[in-house]
Amino acid sequence: MGATDPVVVLAHWHTTDDALDTVLAQIAALRPQSLAEPGCLDYQAFQSVLDPTHLVLVEHYRDAAALDEHLASPHYQELVMGRVRPLLTDRQVELLAPAPTS
């Protein structure tokens with residue numbers, strides 16, 4: 001992944017039935033703040049049909065620097081690290097770059 005390549009984040013979050021509504025509310029608060037970042041191109045949340053406590057965030061960033069800015073932002077630190085992460089039973093994050101298709 002080059003420094004100027006777009007970055008896609010796939011974040012798999014697993015929570016409990018009891019915490020699900022709280023986590024969804026935090027995502028709803030986080031999404032518009034993330035989309036307001038100049039380097040955030042898209043930010044979507046999905047919920048598993050088979051397991052509603054499994055959430056998948058799909059985030060698109062202009063480049064690695066834009067992702068770094070997002071991770072350092074006050075809203076990410078407060079909402080994700082401060083409020084959501086303690087409610088998760090599992091968290092897996094994958095970073096993707098465009099595959100060469102020539």
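Where a number appears in this text, it was derived from the coordinates with a stated rule and is not lab data. Quick caveat: nothing in here was measured; it's all calculated off a predicted structure. Note that we place each Cβ from the backbone using ideal geometry, even for glycine, and neighbour counts take in every protein chain shown.
Rounded to the nearest 10 degrees, what's the angle between the helix 17-35 long axis and the longest principal axis of the chain, both from Cα atoms, 0 to 90?
The answer is roughly 30 degrees.
Taking a virtual spin label 7 Å from the Cα of ASP17 along the C-beta vector, which residues in region 85-102 bring their backbone nitrogen under 19 Å of it?
87-90
What share of all Cα pairs of region 7-96, in percent, falls into each consecutive 10 Å distance bin?
Taking every Cα pair in region 7-96, the percentages come to 17, 55, 26, 3.
Give me, ordered by chain and number, the residues 5 or more places off ASP5 or on other chains with an amide H under 5 Å from its own placed amide H.
ALA64
Which one, SER73, LEU57, THR16, is farthest towards the positive end of the dipole of region 1-98 when Lys and Arg carry +1 and Asp and Glu -1 on their Cβ?
SER73
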